[in-house]
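What follows is a single structure, written as structure tokens, with notes after it.
The values are calculated or read from the model by the stated rules, or taken from the named source; none is laboratory data. Keep in mind that this is a model prediction, so the values were computed, not measured. Cβ placement follows ideal geometry from the backbone for every residue including glycine, while neighbour counts extend to all protein chains displayed.
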Amino acid sequence: MRVVIQRVIESSVTIDGNVKGKIGKGLMILVGFEATDTQEDIDWISYKIVNLRIFPDANGVMNVSILDADGEVLIISQFTLMASTKKGNRPSYIHAAPPDISIPLYEAFLKKMDELLPHTVQSGIFGADMKVALVNDGPVTILIDSKNRY
């Protein structure tokens with residue numbers, strides 16, 4: 001399981017011209033799944049995200065979590081995070097979980113994050129053609145892979 005976390009001032013996702021999810025200050029998270037991912041991966045990444053100290057404290061030091069910053073979260077599924085570019089110039093998505101595996105994982109991730117956060121988690125629609133807009137704050141962008149924990 002991989003996530004790209006961006007600290008944002010605002011972010012939204014639009015599908016077929018309609019805004020599906022929109023947040024103010026918080027985190028816009030792109031997520032991709034491998035076929036071997038489990039609830040353990042979801043739990044580990046979820047706790048990591050909500051406890052990451054990437055918001056500024058009173059002194060401007062990144063020392064505050066999304067929980068302490070009272071921020072919002074927008075989560076977007078993105079299978080291209082699992083791309084392999086080792087051979088040739090065309091990315092391979094052989095490691096991306098197929099929909100019958102990744103959809104339940106995506107839904108479980110949304111549920112877990114919703115349980116851990118005080119604000120309702122906003123999201124896109126799995127597999128939809130989405131237009132994601134954001135204003136990155138900092139910029140702060142962090143990549144986390146559940147297979148690289150140690």
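Only one of the numbered conditions (1) more than 14 Å from the chain's Cα centre (by Cα); (2) at pLDDT below 95; (3) at negative phi; (4) not aromatic (Phe, Trp, Tyr) is violated by Ile101, and that is (2).
So Asp114 fits all but one of (1) part of a loop (DSSP other than H, G, I, E, B); (2) of a type outside the set (A, V, I, L, M, F, W, C); (3) surrounded by 14 or more Cβ atoms within 10 Å (Cβ to Cβ); what number is the exception? With (1) part of a loop (DSSP other than H, G, I, E, B); (2) of a type outside the set (A, V, I, L, M, F, W, C); (3) surrounded by 14 or more Cβ atoms within 10 Å (Cβ to Cβ) applied to Asp114, the lone miss is (1). Note on the stretch 126-142: among residues that are out of contact with any strand residue (DSSP E or B) (no Cβ under 6 Å at 6 or more places or on another chain) and farther than 22 Å from Asp68 by Cβ, the one that is modelled with the lowest pLDDT is Gly127. In the stretch 78-103, which residue that is of a type in the set (A, V, I, L, M, F, W, C) and out of contact with any helix residue (DSSP H, G or I) (no Cβ under 6 Å at 6 or more places or on another chain) is farthest from Lys147 (Cα to Cα)? Per the criteria, the residue is Ile103. Within the stretch 113-143, the residues that satisfy the criterion of being touching a residue at least 60 places away in the same chain (Cβ under 8 Å), in contact with a helix residue (DSSP H, G or I) (Cβ under 6 Å, 6 or more places away or on another chain) and within 18 Å of Ile54 (Cβ to Cβ) are Met113, Leu116. When Thr85 is tested against (1) of a type in the set (S, T, N, Q); (2) in contact with a strand residue (DSSP E or B) (Cβ under 9 Å, 6 or more places away or on another chain); (3) within 20 Å of Ser123 (Cα to Cα), only condition (3) is not met. Being in contact (Cβ under 8 Å) with a residue 12 or more places away in the chain and either within 29 Å of Ser65 (Cα to Cα) or surrounded by 18 or more Cβ atoms within 10 Å (Cβ to Cβ) (or both), is that true of even one residue in the stretch 84-94? No, there is no match, as no residue in the stretch 84-94 is in contact (Cβ under 8 Å) with a residue 12 or more places away in the chain and either within 29 Å of Ser65 (Cα to Cα) or surrounded by 18 or more Cβ atoms within 10 Å (Cβ to Cβ) (or both). Just one residue in the set Ile75, Ile45 is closer than 21 Å to Lys112 by Cβ and part of a strand (DSSP E or B); that residue is Ile75. Count, please, the residues in the stretch 115-125 that happen to be over 19 Å from Glu10 (Cβ atoms) and either touching a strand residue (DSSP E or B) at 6+ places or on another chain (Cβ under 9 Å) or at pLDDT below 95 (or both). Residues that pass the stated criteria total 1. Could you list all residues from the stretch 51-69 that are assigned to a loop (DSSP other than H, G, I, E, B), surrounded by 14 or more Cβ atoms within 10 Å (Cβ to Cβ) and not hydroxyl-bearing (Ser, Thr, Tyr)? Within the stretch 51-69, Leu52, Arg53, Ile54 meet the criteria.
You will find that of Ser77, Ser146, Ser84, the residue that is among the small types (Gly, Ala, Ser), modelled with pLDDT of 95 or more and over 14 Å from Thr38 (Cα atoms) is Ser77 and no other.
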